[in-house]
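*Asks:* Sharing a structure, written as structure tokens. Questions coming.
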Amino acid sequence: MYIAPLGLTVFILYKSFVLLDGVFSPFLEKYLNLTIPGISLIMVFLLVALLGLAGQSILARPVKKIVNSIIERSPLVKVIYSSIKDLLSAFVGKEKKFSQPVLVKVNVVSDLEKLGFLTQDDLSNLGIEGEKVSVYFPHSYNFSGELFIVPAEHVRKIDVPPSDVMKFIVSGGLTSYLPKKLAEQMEKQD
């Protein structure tokens, strides 16, 4: 139990390195007669950085518009692409969506609470009036979750880094760092 997490991490990193190293190595050996271990990994990082830089340039905007308009007209591709794009933008980039962790009272009688992320505090565009908000509850050990519309009075914002809350939820509550911070937040608000 002590070395399994470390062993699995090393194994995954090693396999990823071997896989990435096999991407460009045959090309480099064949055409440039170079055999440098790890050069493919460096080239992949450089390629991703160059693509990111090119994607931010003013010249890439028309290309992105054309690609997006083609995707918008393709029914199945549109659903898959927009779902993946929204999911990725929720976790990384300028528009992080899971930026406000909350503690939601899901059962008033038993005082049962659940951790989640506030995604919308105004639901009038859905025709939902009143004091309701939308909260996303990620599942443990999974990359899925559920969206609930809950009364705003049952939602309490907590001042804990969103990445720590996500780590706590996805680990099934096994992360030891968050409970101390969460307990402090609960004491402050009581």
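All of the numbers you see were taken from the coordinates with simple rules; none came from a lab. This structure is a prediction, so every number in the text was calculated from the model and none was measured. Heads up, the Cβs are rebuilt from the backbone with ideal geometry, glycines too, and the neighbour counts pull from every protein chain shown.
*Asks:* Relative contact order for region 4-91: what is it in percent, counting Cα pairs under 8 Å that are at least 6 residues apart?
*Replies:* Normalised by residue count, the contact order of region 4-91 is 16 percent.
*Asks:* By how many nm would the segment from E113 to E146 lengthen if fully extended, with 0.36 nm per residue of separation less the alpha-carbon distance?
*Replies:* Working: separation 33, 0.36 × 33 = 11.88 nm, distance 1.52 nm.
Value of the extension gain: 10.4 nm.
*Asks:* Mind listing which chymotrypsin sites (Phe, Trp or Tyr not before Pro) in region 1-77 are in a DSSP loop and have 12 or fewer other Cβ atoms within 10 Å?
*Replies:* Within region 1-77, the qualifying chymotrypsin sites (Phe, Trp or Tyr not before Pro) (loop, at most 12 other Cβ atoms within 10 Å) are Y2.
*Asks:* Given the Cα atoms of region 1-157, and with Rh set as the inverse mean 1/r over their pairs in the Kirkwood sense, what is Rg to Rh to two decimals? Let's see the in-between values first.
*Replies:* On the way: Rg = 22.7 Å, Rh = 20.4 Å.
Here Rg/Rh amounts to 1.11.
*Asks:* Using 5 Å bins from zero, what percent of all Cα-Cα pairs in region 4-91 falls into each bin?
*Replies:* 3, 12, 11, 13, 15, 16, 15, 11, 5, 1
*Asks:* Between R156 and F17, what is 0.36 nm times their sequence separation minus the Cα-Cα distance? Round to one decimal in nm. Provide the component values of the computation, followed by the final result.
*Replies:* On the way: separation 139, 0.36 × 139 = 50.04 nm, distance 4.32 nm.
Taking 0.36 nm per residue and subtracting the Cα distance, the gain is 45.7 nm.
*Asks:* May I ask which of K114/K167; K64/K167; K30/K64; K85/K167 have a Cα-Cα span longer than 24 Å here?
*Replies:* On the way: K114/K167 14 Å; K64/K167 33 Å; K30/K64 34 Å; K85/K167 21 Å.
Violating the 24 Å Cα-Cα cut-off are K64/K167; K30/K64.
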